[in-house]
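The values are calculated or read from the model by the stated rules, or taken from the named source; none is laboratory data. These numbers come from a predicted model, not from an experiment. When we count neighbours, we look across all protein chains shown, and the Cβ atoms used for this are built from the backbone with ideal geometry, even at glycine. Just the protein is used for accessible areas: all its heavy atoms, side chains included, with ligands, DNA and RNA removed. Shrake-Rupley method; radii C 1.70, N 1.55, O 1.52, S 1.80 Å.
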Amino acid sequence: EDKVVQSPLSLVVHEGDTVTLNCSYEVTNFRSLLWYKQEKKAPTFLFMLTSSGIEKKSGRLSSILDKKELFSILNITATQTGDSAVYLCAVEERSGGGADGLTFGKGTHLIIQP
Amino acid sequence: DVKVTQSSRYLVKRTGEKVFLECVQDMDHENMFWYRQDPGLGLRLIYFSYDVKMKEKGDIPEGYSVSREKKERFSLILESASTNQTSMYLCASSWDQLTEQYFGPGTRLTVT
């Protein structure tokens, strides 16, 4: 069973629309949740969330985490064609050693139509 | 600016060959990671390392090994390449726990 589930898997909207991307997770020892944007190259980092209820914001993008309900959302307002990408959600689990690898969801493929 | 580089963008190998994928980071990061990315499956962790000569298995280590002789370099080794290892391979590095991972540009490996 997938530990990190993103929805929707794909989404097509018009420029100027607002979108909400969802990520739910089920891990034993949660450490952090990260959002990445991937165009035709390596994923680029957007946000890291560790605490519930604290919104992180960067321009038209914002994200929030709910550790009780085990989910996060990524909002994009006033979408532009340059926002078209795959958005990846990933969770880091705590273990006894150093940093651990990330468990990724399958991604949401967002297409912004002009 | 953090830079993570991978030795090849595209690679074609034959079944049974030994394949080395190299990754170098220039930010003195402690942690390095290898993922593979496949359509419909997303990114999956193969191996990671949190110190020189240390390695930990990820979710799908079978058929792979790794080497970290120097802090800045992390190699992924396919001992005997098979067609089901055709994939995009992404290397990443991070400074510490609770810090973001920076990704390299990826190597698209085709095994024929």
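Key figures for this structure:
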{"item": "Positions within segment A:15-66 being acidic (Asp, Glu) and touching a residue at least 24 places away in the same chain (Cβ under 8 Å), in sequence order", "result": "A:GLU15, A:ASP17, A:GLU26, A:GLU39"}
{"item": "Segment A:36-50 - residue that is open to solvent by 50 Å² or more (accessible area, probe 1.4 Å) and more than 21 Å from A:ILE111 (Cβ to Cβ) and, of those, nearest to the other protein chains (Cβ to nearest Cβ)", "result": "A:PHE45"}
{"item": "A:ALA85, sole failed condition from (1) within 11 Å of chain B (Cβ to nearest Cβ); (2) buried (at least 17 other Cβ atoms within 10 Å of the Cβ); (3) under 20 Å from A:ILE111 (Cα atoms)", "result": "(1)"}
{"item": "Filter result for A:LYS68 (within 14 Å of chain B (Cβ to nearest Cβ), at pLDDT below 95 and open to solvent by 70 Å² or more (accessible area, probe 1.4 Å))", "result": "no"}
{"item": "Those strands (runs of 3 or more DSSP E) lying entirely in segment B:1-107 with at least 2 residues of a type in the set (Phe, Trp, Tyr) and within 12 Å of the chain's Cα centre (by Cα)", "result": "B:31-38, B:42-49"}
{"item": "Residue that is least open to solvent (accessible area, probe 1.4 Å), among those in segment A:20-35 that are among the aliphatic types (A, V, I, L, M) and away from chain B (no Cβ under 12 Å)", "result": "A:LEU21"}
{"item": "Tally, over segment B:65-78, of residues that are away from chain A (no Cβ under 14 Å) and among the charged types (D, E, K, R)", "result": "4"}
{"item": "Residues (within 7 Å of another protein chain (Cβ to nearest Cβ), in contact with a Gly (Cβ under 7 Å, 6 or more places away or on another chain) and buried (at least 22 other Cβ atoms within 10 Å of the Cβ)) located in segment B:39-49", "result": "B:LEU45, B:PHE48"}
{"item": "Every pair of residues 6+ apart whose Cβ atoms lie under 6 Å, when the first sits in segment B:79-108 and is at the interface with chain A (Cβ under 7 Å from one of its Cβ atoms) while the second is buried (at least 21 other Cβ atoms within 10 Å of the Cβ) and not in a strand (DSSP E or B)", "result": "B:LEU90/B:GLY106; B:SER94/A:ALA99; B:SER94/B:HIS29; B:SER94/B:GLN101; B:GLN97/A:ALA99; B:PHE103/A:PRO43"}
{"item": "The lone exception for A:ASP66 - which of (1) touching a helix residue (DSSP H, G or I) at 6+ places or on another chain (Cβ under 7 Å); (2) closer than 15 Å to A:VAL4 by Cα it fails", "result": "(1)"}
{"item": "Residues satisfying the stated conditions in segment B:78-112, i.e. surrounded by fewer than 16 Cβ atoms within 10 Å (Cβ to Cβ) and in contact with a Phe, Trp or Tyr (Cβ under 7 Å, 6 or more places away or on another chain)", "result": "B:ARG108"}
